[in-house]
Amino acid sequence: MNRRDFSRRSIALGVSALAVPAGAQAPEYYQEAAKRLPARHFDVVIAGGGTAGVVAALAAARQGAKTVLVENKGYTGGVAVEGGTALHSFFNLWKAFPGVQKRQVVKGIPQEIVDRLMSMGGCTGHAEMLKHYDYDSVCTAIDTEIYKLATMQMLHEAGVAVWVNTFLAGAFRSSGSRLSGVIVESRSGREAVFAKSFVDCTGFGDLAAHAGAKFTEPNDYAVANSIGVGNVDIERMCDFLKSKNSLTQFARGRRSGKDDQIVRFGGESVSFSAEFNAEARQLGLSMITTTTHDNYFMFIKLNLKMPVSPTNRDESARAELELRTRQYKAIDLLKRYVPGCEKAFIARTSPSFSIRRARLIACDYDVTLPDILEARHFDDDVFVYGFHDSAPRLKVGGGGTYGIPYRALLPAGIENLLVAGMMITSNHDAHMSTRNTVSCMGHGQAAGTAAALCAARKRGTRELAYADLRRALVKDNVYFE
Ligand SMILES: Cc1cc2nc3c(=O)[nH]c(=O)nc-3n(C[C@H](O)[C@H](O)[C@H](O)COP(=O)(O)OP(=O)(O)OC[C@H]3O[C@@H](n4cnc5c(N)ncnc54)[C@H](O)[C@@H]3O)c2cc1C
């Protein structure tokens with residue numbers, strides 16, 4: 001059958017064309033038939049098993065809620081295992097503020113994950129930064145593969161139904177502002193999942209968008225595909241950076257089972273050769289790396305600014321090809337110019353590019369930049385945080401913390417949906433703080449706990465007594481001040 005015959009046949013089968021202006025390409029539609037779907041029932045649905053979602057699901061299940069975690073990929077961890085260099089940050093920025101005390105300001109489930117990783121040889125520990133400590137005072141780097149296993153094990157132990165390789169494809173409401181269920185798809189087919197409370201941790205805000213929440217797509221960040229690089233000599237590489245006066249970040253911690261090893265180093269390319277600098281700039285190459293193992297480093301970042309939001313499929317496909325081309329060129333560049341990298345190769349990539357934000361969900365409160373810089377706290381704080389990714393330019397006031405209020409996790413106009421992760425906070429500079437991994441985990445613990453309490457009490461998210469939520473969070477070792 002040639003293309004024209006195929007098109008005619010398609011129209012006969014139910015593909016319809018709408019009237020469009022002369023000369024324009026007619027959009028075509030296919031009317032999908034209604035289907036009877038198998039129905040499943042839970043107390044809490046967590047959509048997205050990434051940075052925030054893992055913690056949200058653990059929190060909900062530990063409150064006794066029958067919890068399902070719907071994750072598109074075959075593992076959990078999200079951008080924490082695909083995009084970044086280190087988990088920023090469990091501590092206040094004490095090193096940048098002489099006289100300020102060192103405080104671990106994020107504990108709870110995020111710290112439990114670190115403990116589990118440490119016991120499995122998959123974390124540097126909270127290694128103190130010896131250079132650039134006006135940016136972050138510690139470096140907590142992870143073995144990305146062990147993180148996937150550790151979090152999946154923890155979820156199973158907590159009794160969460162972990163539906164990996166399952167895509168959340170829709171949502172439906174019963175009454176005006178109440179969400180009844182979601183539609184998921186996997187190789188087992190399409191299913192309807194009913195629940196009392198829902199948490200969107202998809203990063204992209206897929207559930208909130210399907211549920212009819214208001215959102216914007218600022219498209220104000222580059223996308224990136226990070227690489228794990230194997231067969232490298234960390235010590236030689238660091239010596240080279242030092243000799244070029246280019247070592248800007250440095251920390252020592254646990255690596256390959258031994259303490260006091262180099263685990264983080266950053267190299268400004270300013271003192272490299274002009275050719276290296278020109279090629280690195282073209283590739284969007286950022287030379288800040290961490291490692292938990294000898295002969296390996298993680299996360300050479302390659303940034304690419306897309307012309308439209310990364311929710312656009314066709315532009316995303318173009319970006320995936322471009323980023324993989326850049327990865328190949330970046331390794332070649334390292335092999336040619338950086339001692340210790342002569343035999344480097346790409347040991348791991350992410351299944352798809354990572355984004356710092358895509359959809360931004362409108363919530364009852366929007367954390368502002370002054371909230372962060374002035375270290376403000378709220379009557380309904382559910383989490384406190386002390387890191388800003390634009391430090392030392394922008395820092396949390398006085399080396400302290402600011403609070404994320406419960407209201408910031410409640411999408412406007414929907415009564416039983418919460419959000420957690422990179423989809424909150426509209427101001428770009430404020431988002432440079434709230435979007436970081438440890439912050440997303442903190443929102444996750446708060447949102448998962450609240451979702452479970454609401455389900456147990458048959459309450460909407462705005463009817464939950466804050467004192468009950470706070471008590472539950474404190475009991476689960478969340479730090480407040
Ligand atoms: C390149 C890059 C580098 C970064 N570097 C750092 C760093 O060094 N340190 C730091 O602290 N932060 C860093 N960040 C920021 C931080 O990693 C992210 O903001 C954070 O991890 C986002 O967490 P999240 O839970 O919102 O989303 P994610 O971790 O992305 O989780 C979302 C999950 O939802 C799943 N999902 C999405 N849609 C669906 C669907 N429809 N159905 C089912 N599942 C779905 C995804 O597969 C994913 O697992 C970086 C970000 C990027 C992009």
| task | Can you tell me which residue among Gly284, Gly267 is surrounded by 19 or more Cβ atoms within 10 Å (Cβ to Cβ) and modelled with pLDDT under 95? | result | Gly267
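For segment 131-143, check the following and say yes or no: at least one residue is away from the ligand (no atom under 15 Å from the Cβ) and modelled with pLDDT of 95 or more. Walk me through how you get there before you give the answer.
At the first step, the residues of segment 131-143 found to be away from the ligand (no atom under 15 Å from the Cβ) are 131, 133-134.
Checking the rest, the ones that are also modelled with pLDDT of 95 or more come to none.
Looking through segment 131-143, none of the residues is away from the ligand (no atom under 15 Å from the Cβ) and modelled with pLDDT of 95 or more.
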| Sole exception among (1) among the β-branched types (Val, Ile, Thr); (2) more than 11 Å from the ligand (Cβ to nearest atom); (3) in contact (Cβ under 8 Å) with a residue 60 or more places away in the chain; (4) surrounded by fewer than 18 Cβ atoms within 10 Å (Cβ to Cβ) for Thr325, by number | (3)
| message | Considering only residues that are out of contact with any strand residue (DSSP E or B) (no Cβ under 9 Å at 6 or more places or on another chain) and charged (D, E, K, R), which ones fall in segment 460-481? | response | Arg462, Glu463, Asp468, Arg471, Lys475, Asp476
| Looking only at segment 328-346, which residues are touching a Phe, Trp or Tyr at 6+ places or on another chain (Cβ under 8 Å) and buried (at least 16 other Cβ atoms within 10 Å of the Cβ)? | Ile331, Leu333, Tyr337, Val338, Gly340
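Results for (1) open to solvent by less than 10 Å² (accessible area, probe 1.4 Å); (2) touching a strand residue (DSSP E or B) at 6+ places or on another chain (Cβ under 6 Å); (3) assigned to a loop (DSSP other than H, G, I, E, B); (4) not charged (D, E, K, R), shown as yes or no for each residue.
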site	(1), (2), (3), (4)
Leu58	yes, no, no, yes
Ala61	no, yes, no, yes
Lys73	no, no, yes, no
Ala80	yes, no, no, yes
His88	no, no, yes, yes
Lys102	no, no, yes, no
Pro110	yes, no, no, yes
| note | Of (1) closer than 28 Å to Leu207 by Cα; (2) polar (S, T, N, Q); (3) assigned to a strand (DSSP E or B), Thr311 fails just (3)
| task | Could you please find all residues in segment 21-55 being among the small types (Gly, Ala, Ser), within 16 Å of the ligand (Cβ to nearest atom) and under 17 Å from Ala171 (Cβ atoms)? | result | Ala47, Gly48, Gly53
| remark: Filtering segment 183-221 for residues that are touching a Phe, Trp or Tyr at 6+ places or on another chain (Cβ under 7 Å), within 14 Å of the ligand (Cβ to nearest atom) and of a type in the set (A, V, I, L, M, F, W, C) leaves a count of 5
| note | Within segment 32-64, the residues that are at pLDDT below 95 and not basic (Lys, Arg) are Glu32, Ala33, Ala34
| field | Every residue from segment 146-172 that is in contact (Cβ under 8 Å) with a residue 60 or more places away in the chain, more than 10 Å from the ligand (Cβ to nearest atom) and surrounded by fewer than 16 Cβ atoms within 10 Å (Cβ to Cβ) | value | Gly159
| query | Taking segment 428-461, which residues are in contact with a helix residue (DSSP H, G or I) (Cβ under 9 Å, 6 or more places away or on another chain) and among the basic types (Lys, Arg)? | reply | Arg457, Arg459
| task | Read through the list (1) without any contact (Cβ under 8 Å) to a residue 24 or more places away in the chain; (2) under 24 Å from the mean Cα position of the chain (by Cα); (3) outside any loop (DSSP other than H, G, I, E, B), then give the number of the only condition that Leu302 fails. | result | (1)
| message | Looking at the structure I just gave you, is Ile288 over 30 Å from Leu207 (Cβ atoms) and either aliphatic (A, V, I, L, M) or in contact (Cβ under 8 Å) with a residue 60 or more places away in the chain (or both)? | response | yes
| task | Could you please find all residues in segment 218-275 being assigned to a helix (DSSP H, G or I), more than 30 Å from Val308 (Cβ to Cβ) and not β-branched (Val, Ile, Thr)? | result | Glu235, Arg236, Met237, Cys238, Asp239, Phe240, Leu241, Lys242, Ser243, Ser271, Ala274, Glu275
| Since Arg187 meets every condition but one in (1) open to solvent by less than 50 Å² (accessible area, probe 1.4 Å); (2) over 20 Å from the mean Cα position of the chain (by Cα), which condition does it not meet? | (1)
| field | Residue within segment 388-400 that is open to solvent by less than 20 Å² (accessible area, probe 1.4 Å), aliphatic (A, V, I, L, M) and away from the ligand (no atom under 16 Å from the Cβ) present | value | no
| query | Can you tell me which residue in segment 367-376 is farthest from Ala213 (Cα to Cα), limited to those that are in contact (Cβ under 8 Å) with a residue 60 or more places away in the chain and crowded, with 17+ Cβ neighbours inside 10 Å? | reply | Ile372
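The values are calculated or read from the model by the stated rules, or taken from the named source; none is laboratory data. Given the structure is predicted, the values throughout are model-derived calculations rather than measurements. Don't worry about glycine lacking a Cβ; one is built from the backbone with ideal geometry, like all the others, and counts go over all protein chains shown. These accessible areas exclude ligands, DNA and RNA; they are computed on the full protein's heavy atoms, side chains included. Shrake-Rupley method; radii C 1.70, N 1.55, O 1.52, S 1.80 Å.
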